[in-house]
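Asks: The following block contains the structure, expressed as structure tokens.
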Amino acid sequence: MSESDPISSQHDTLIKGGLVVDGARTQKLDVAIKAEKISAVESHPSELRAAKEIDASGYFVIPGIIDAHNHPINLDKMDTFTLSSAFGGVTTVIPFMQNMRSRGIAGTTSETIERFIEESSDISYLDFGVHAILFGDDDVTTEVPKLIDMGVISFKMYMTYPKRGMMMPDEKMLEAMSIASDMGGIAMVHAENGYCIDYLTEAFIESGKTGREYYAKSQPRILEVEAANRAATYASVTNCPLYVVHLSAREVLSVIDQYKMKGLDIFGETCPQYLDLTNQMVLEHGALAKIGPPLRTSEDNEAMWSGLKSGVIDTVASDFCGFSKSQKYSGGRSTGSIEESEDIDPNASIFDASFGGNWTEQMLPVVYEEGVNRGRITVNKLVQVMCENPAKIFGIYPRKGVISVGSDADIVLFDPAAQHTLSADAQHCNADFTMFEGKEILGKPIFSMQRGNVVIENGKIHSKQGSAVYLTGDVNLTASAPNGHKII
């Protein structure tokens, strides 16, 4: 980094000589920043000058990653979750938030989200939006309009977990979709058939088949396919945009593609775990690798990569859930220390274990290693599915997701020659394990800024808690809006 004459400089910061990447092209450009915004983008070498200059030679210059799927409500809240995210090249997060009545905390979903926004504004290291989770006991006729007025324009509904009280009944899902459609909102679904999963799970438990080898069998791929088709049917009837989270089964891609071809605004998301890990991890690590939907096969991994390349899948997000090993084994009952209890039984029933994993920090390196380095996708496609598309879908583009004049100066320098090894010891969340332990990676985010302010530099966090901005989604800017930024 070098200093220029501040008197003669027109800009605050200049990032020069790097390969600037967007969803369509890679160009050697200079990027200038002033007052939190990108103020100029010109071919290198340029005549741009700034008080501070950063030499980006040899690096990819990409928009800050947007993690549009995460749950910072367990061991890792918005403080340590966003800290970990920042070290993974993420600059914007859109977490899910729900009413907490099942945890003994009174209040509606909108009231819970109001508290969450206030708390997150104080403790988050990164700018954030919010998705609402709607349960069957929510009054959707009141909550959906109120949330959209708050800038919460996306509404997730579980088609599974009926016995946990989380599943949205079909008739209420239709009602929520209809209201969201009328107001420009977006429906989101966890697409698995919950009744079938509970039926199979109970049958295995009654037969004494509670080992890790029965977990994937309790949530077969056909249940994901059925639920995705049902949700898309409801979205078609109500003319509601639909975002299907964490796709994992290869057969579900034909469902998404079919409805895209019919003209439905339907978007598919997958996650790094479904791009790289398989059920073998469950067989080897048991509860630690339990997620929903389950990890599947290498053939499913390849199908997810093909879906990203073809455009059937629109985004990659983490589905982060911060748990310790003890919480995973105990079904989340331990909420304080990350220390493992002495009575942990790794061979306990897989059906008692918690769902979820902590992989926001590993997401960009894994997608780059397995996607770009292995020739499955280009670096341009990576930027499209991890920056541009989530910003467009959730109504924060072009403020976020792109390096363009007038956009927020959320920028990451990515070193494609940096070799490193993923490990729990190297991550910055409270969770004490990672399913990517020991994975060798070539390529690493080494520097980031948000709104022109340094976030990560020289392996240290520079962003301050309390500086984060709450991002309201604009229904007029979503990819499904009449004049929105259509995803190509």
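Asks: Consider only pairs whose beta carbons are under 8 Å apart and that are at least six residues apart or on different chains; among these, list those whose first residue lies in the stretch 310-327 and is under 15 Å from Phe81 (Cβ atoms) and whose second residue is among the charged types (D, E, K, R) and part of a strand (DSSP E or B).
Replies: That search, which allows pairs on different chains as well, returns Ala317/Asp67; Ala317/Glu269; Ser318/Asp67; Phe320/Asp67.
Asks: Just to verify a result, which residue in the stretch 197-215, among those that are among the aliphatic types (A, V, I, L, M) and surrounded by 15 or more Cβ atoms within 10 Å (Cβ to Cβ), is nearest to Pro162 (Cα to Cα)?
Replies: Out of the qualifying residues, it is Ile197.
Asks: Only one of these conditions is not met by Cys429: (1) modelled with pLDDT of 95 or more; (2) surrounded by fewer than 18 Cβ atoms within 10 Å (Cβ to Cβ). Which number is it?
Replies: The one condition Cys429 does not meet is (2).
Asks: With (1) assigned to a helix (DSSP H, G or I); (2) more than 20 Å from Asp319 (Cα to Cα) as the list, and Val383 as the residue in question, which single condition is left unmet?
Replies: The number of the failed condition is (2).
Asks: Filter the stretch 145-192 for residues that are under 16 Å from Phe355 (Cα atoms) and aromatic (Phe, Trp, Tyr); which is surrounded by the most Cβ atoms within 10 Å (Cβ to Cβ)?
Replies: The first filter runs over the stretch 145-192 and keeps only residues under 16 Å from Phe355 (Cα atoms), leaving 158-167, 190-192.
After this cut, where a residue has to be aromatic (Phe, Trp, Tyr) as well, the list is 158, 161.
Numbers: Tyr158: 26, Tyr161: 18.
Of everything passing the filter in the stretch 145-192, Tyr158 is surrounded by the most Cβ atoms within 10 Å (Cβ to Cβ).
Asks: Hey, another quick one. Can you name the residue in the stretch 455-488 that is farther than 25 Å from His71 by Cα and of a type in the set (Val, Ile, Thr) and is also modelled with the highest pLDDT among such residues?
Replies: Result: Ile487.
Asks: Can I ask one more? Evaluate the stretch 393-402: report whether one residue or more is of a type in the set (D, E, K, R), crowded, with 19+ Cβ neighbours inside 10 Å and closer than 17 Å to Asn70 by Cβ.
Replies: Yes, because at least one residue in the stretch 393-402 is of a type in the set (D, E, K, R), crowded, with 19+ Cβ neighbours inside 10 Å and closer than 17 Å to Asn70 by Cβ.
Asks: Next question. Can you pull out every residue in the stretch 1-45 that is at pLDDT below 95 and within 15 Å of Phe447 (Cα to Cα)?
Replies: Residue satisfying the conditions is Met1 alone.
Asks: Further, regarding this structure: How do the strands (runs of 3 or more DSSP E) wholly within the stretch 89-190 filter down when requiring 1 or more residues that are over 25 Å from Gly466 (Cβ atoms): which remain?
Replies: 131-134, 154-158, 186-190
Asks: Residue check: is Ile441 at pLDDT below 95, surrounded by fewer than 21 Cβ atoms within 10 Å (Cβ to Cβ) and aliphatic (A, V, I, L, M)?
Replies: Answer is no for this residue.
Asks: Right, something else. Being of a type in the set (Phe, Trp, Tyr) and part of a strand (DSSP E or B) is the filter here, so list the residues in the stretch 31-87 that pass it.
Replies: Phe60
The values are calculated or read from the model by the stated rules, or taken from the named source; none is laboratory data. Values in this document were obtained by computation on a predicted structure and should not be read as measured data. Note that each Cβ is placed from the backbone with ideal geometry, even for glycine, and that neighbours are counted across all protein chains shown.
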